[in-house]
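The values are calculated or read from the model by the stated rules, or taken from the named source; none is laboratory data. Model, not experiment: these values are computed from the prediction. Glycine also receives a Cβ, built like all others from the backbone with ideal geometry; neighbour counts cover every protein chain displayed.
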Amino acid sequence: MSLICVRERSLLEYGLNENGEIYMKKFLVAISLAFVAVLSNAAEYTVNLVTVGAGNESMVFEPGYLKISKGDTVIFAPSDITHNAVSFSIPPNAKSFSTPLDGKPAKVTFDTEGIYLYKCVPHAIMGMLGVIQVGKPVNLKQTKADWEKFKATVVVNKERVDEYLKNVK
Ligand SMILES: [Cu+2]
């Protein structure tokens, strides 16, 4: 009698363990697939900070307008130590960014949706300005207001930003 009980219990336990292992395996596979999905969904873009652009423009971000998704990363790659990327208009609750003037590529991850306006500090006056749209343009009105204010400090190539902003949808 007691022997049967022991046998039944161990069989039951064995069965549960086997199920448990299967569930654990399925769970681990699901987790690793989700992890791979997260990794591959977050894209990486490069913006070049150049003294002479592809079309012979001077002091320019290439591309000047970039649309990305929430969670994506942008590498700001300066041609030399005279260029950087510093935000001056950002969506509500977004983090501002500022890359150093050291000639090295700098990574910035964008976790908050909206439009970001940024400048190269030494060449903002020459219209070295850029627009990054992350997801939906939730702050377009504020972006335009900030740009109108900033515009007064730009001497040449200010129309670039107006052109970039035409891409915003
Ligand atoms: Cu510059």
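In the range 128-150, the residues that are over 30 Å from VAL52 (Cα atoms) and among the β-branched types (Val, Ile, Thr) reach residues that are away from the ligand (no atom under 16 Å from the Cβ) and assigned to a strand (DSSP E or B) with C-beta atoms within less than 6 angstrom, at least six apart or across chains, in these pairs: VAL138/GLY114. Filter the range 55-84 for residues that are β-branched (Val, Ile, Thr), part of a strand (DSSP E or B) and either over 21 Å from the mean Cα position of the chain (by Cα) or more than 9 Å from the ligand (Cβ to nearest atom) (or both) and give the result. Answer for the range 55-84, where residues must be β-branched (Val, Ile, Thr), part of a strand (DSSP E or B) and either over 21 Å from the mean Cα position of the chain (by Cα) or more than 9 Å from the ligand (Cβ to nearest atom) (or both): ILE68, THR73, VAL74, ILE75.
Which ones in the range 124-144 are within 16 Å of the ligand (Cβ to nearest atom), β-branched (Val, Ile, Thr) and touching a strand residue (DSSP E or B) at 6+ places or on another chain (Cβ under 8 Å)?
VAL131, the sole residue that qualifies.
Looking across SER40, SER98, SER32, one residue alone is at pLDDT 95 or above and small (Gly, Ala, Ser). It is SER98.
Go through the range 112-123 and give me each residue that's within 10 Å of the ligand (Cβ to nearest atom) and in contact with a strand residue (DSSP E or B) (Cβ under 8 Å, 6 or more places away or on another chain). Those that are within 10 Å of the ligand (Cβ to nearest atom) and in contact with a strand residue (DSSP E or B) (Cβ under 8 Å, 6 or more places away or on another chain): LYS119, CYS120, VAL121, HIS123. Take the conditions surrounded by fewer than 17 Cβ atoms within 10 Å (Cβ to Cβ), more than 19 Å from VAL47 (Cα to Cα) and within 16 Å of the ligand (Cβ to nearest atom) and apply them to THR153. Does it pass? Against the criterion (surrounded by fewer than 17 Cβ atoms within 10 Å (Cβ to Cβ), more than 19 Å from VAL47 (Cα to Cα) and within 16 Å of the ligand (Cβ to nearest atom)), THR153 qualifies.
Confirm whether VAL52 is at pLDDT 95 or above and within 15 Å of the ligand (Cβ to nearest atom).
Working: at pLDDT 95 or above: yes; within 15 Å of the ligand (Cβ to nearest atom): yes.
Criteria met by VAL52.
Inclusion of ALA124 among residues that are within 30 Å of ALA43 (Cα to Cα), among the small types (Gly, Ala, Ser) and either surrounded by 14 or more Cβ atoms within 10 Å (Cβ to Cβ) or modelled with pLDDT under 95 (or both) is warranted.
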